1. For segment 243-264 and segment 48-75, compute the distance between their C-alpha centroids and round to whole Å.
2. Could you grab the relative contact order for segment 146-204? Cα pairs under 8 Å, six or more apart, rounded to a whole percent.
3. Restricting to DSSP H runs of at least four residues, report the calculated mean residue ellipticity at 222 nm for the chain, -39500 (n - 2.57) per run over all residues, nearest 500 deg cm²/dmol.
4. Between VAL188 and ALA46, what is 0.36 nm times their sequence separation minus the Cα-Cα distance? Round to one decimal in nm.
5. Through the Karplus equation 6.51 cos²θ - 1.76 cosθ + 1.60, θ set to phi - 60°, convert the phi angles of segment 98-108 into ³J(HN,Hα) values in whole Hz; use x for Gly and Pro.
6. Could you pull out every one of the aspartates and glutamates with an alpha carbon less than 12 Å from that of LYS39, ignoring same-chain neighbours closer than 8 positions?
7. Could you give the alpha-carbon Rg of the chain over 2.2 N^0.38 Å, rounded to two decimals?
8. Under a straight-distance cross-link criterion of Cα-Cα below 26 Å, which lysines are reachable from LYS204, leaving out those fewer than 8 residues away in the same chain?
Amino acid sequence: MGTIFNERVIEDFMLMCKKGVDQGWHERNGGNLSYRMTKDDVEYCARFFKKHPGEWVEMPVSANNLKGEFFIVTGSGKFLENVNTEPQNNIAIVEINQTGNSYRIVWGLDQGGKPTSEFPTHFLTHSARKMATDGDNRVIYHAHTPYVVALTNVLPLESELFTRMLWKSATECCLFCPGGVGVVPWMVPGSTEIAECTSDLLSKYDAAIWAFHGAFVTGKDFDSAFGLMQTIEKSAMVATITLAANAGKMPNQTITDDQLREMAKAYNIRLNEDFLK
Ligand code: 13P
Ligand code: ZN
C-alpha cells in the first residue's frame with residue numbers, strides 16, 4: 001500500500017519547505033505554504049486519510065468556487081524546518097465543506113494543531129487565483145524575505161513604485177513577474193482584513209508585498225511559486241544594495257521603460273502596462 005510520502009505532490013510540498021528554509025526565509029514558524037490538490041492527488045492520498053476526520057471548523061471567510069476542495073497546508077505555529085523530519089506533525093490535508101466556509105483535517109497534524117493562521121489569506125487567494133487562471137494556479141506561498149521587508153522600511157508603500165523598482169533592478173524580473181506586485185500596508189497577520197486585501201491584489205498581480213513582514217506569491221506549481229519568490233527577493237536585494245550605495249536616493253541609471261517593453265516583445269510576455277510610463 002506504500003505511504004502517503006510516496007505521493008509526488010507530498011514530496012514536492014516537503015521539498016519546497018526545505019528550499020525556503022535553506023534560503024533563510026523561515027525563522028521559527030515564519031511563513032506558510034498551501035497547495036490545492038487535483039482529483040488524482042486526492043484519489044491517491046484518500047487511502048491514508050484519518051478514519052475519523054477532525055471536526056468541521058468554520059472560517060471567517062468563504063468561497064463558492066472552493067466547495068469540496070482539498071488542500072495540503074502547513075500547520076500554525078509549526079516550524080517549516082521540521083516539515084521534512086516529521087511531516088505528519090507539521091502539515092495537514094484539509095477538506096472544505098460543501099458550503100465553502102469550513103474545513104476539517106483529514107490527514108496530518110497528528111499531535112494536534114490547526115492550519116496556518118494565514119489560512120484565510122491562502123483560502124481567499126486560492127479562490128481569486130482559481131478564478132483568474134481558470135483553475136491553473138494551485139500554490140500559494142508566504143515567506144519572510146528580508147530584502148523585500150527592508151525595502152518596505154524605506155520606499156513609499158505603493159504598488160507602482162515597488163513594481164518598477166523590482167522590474168528595473170534585475171533584467172529578468174519582469175519576465176517572471178509580468179503582472180507586477182501589489183503592496184499591502186501593515187495589517188495584523190492572520191486577520192480577515194489582510195486576507196481580503198491580499199486576495200484582492202492577487203486577483204490582478206503576481207505577488208503581494210506585506211509591509212514590514214514579507215511576501216505572498218502564487219504559482220501553477222511549486223517550482224513557479226518558489227522561483228517567483230526567489231526572483232522578487234533577488235531584485236529586492238539588488239534594489240536595497242543600490243539604494244545603500246547611492247546614499248539612499250533612487251538610482252537614475254536603470255533599465256528604461258522602453259527596454260522593459262523590448263524584453264516583453266522579445267519574450268512574448270504581456271507586461272502590466274499600468275506600471276509603465
Ligand atoms: P503560522 O505559524 O500560523 O503559519 O504563522 C506564521 C506567519 O508567518 C504568519 O504570518
Ligand atoms: Zn508571516
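1. 44
2. 28
3. Calculated at 222 nm, the ellipticity per residue is -12000 deg cm²/dmol.
4. Length difference between fully extended and current span is 47.6 nm.
5. 7, 9, x, 9, 9, 10, 9, 7, 10, 7, x
6. Leaving aside aspartates and glutamates fewer than 8 places away in the same chain, those within reach of LYS39 are GLU69.
7. 1.02
8. Within the straight-line cut-off, LYS204 pairs with LYS67, LYS130, LYS168, LYS220, LYS234, LYS265, LYS277.
Readers should treat all values here as calculations from the given coordinates under stated rules, not as data from a laboratory. As the structure is a prediction and not an experimental result, all values here were calculated from the model. Every residue, glycine among them, receives a Cβ derived from its backbone with ideal geometry; neighbour counts consider all protein chains shown.
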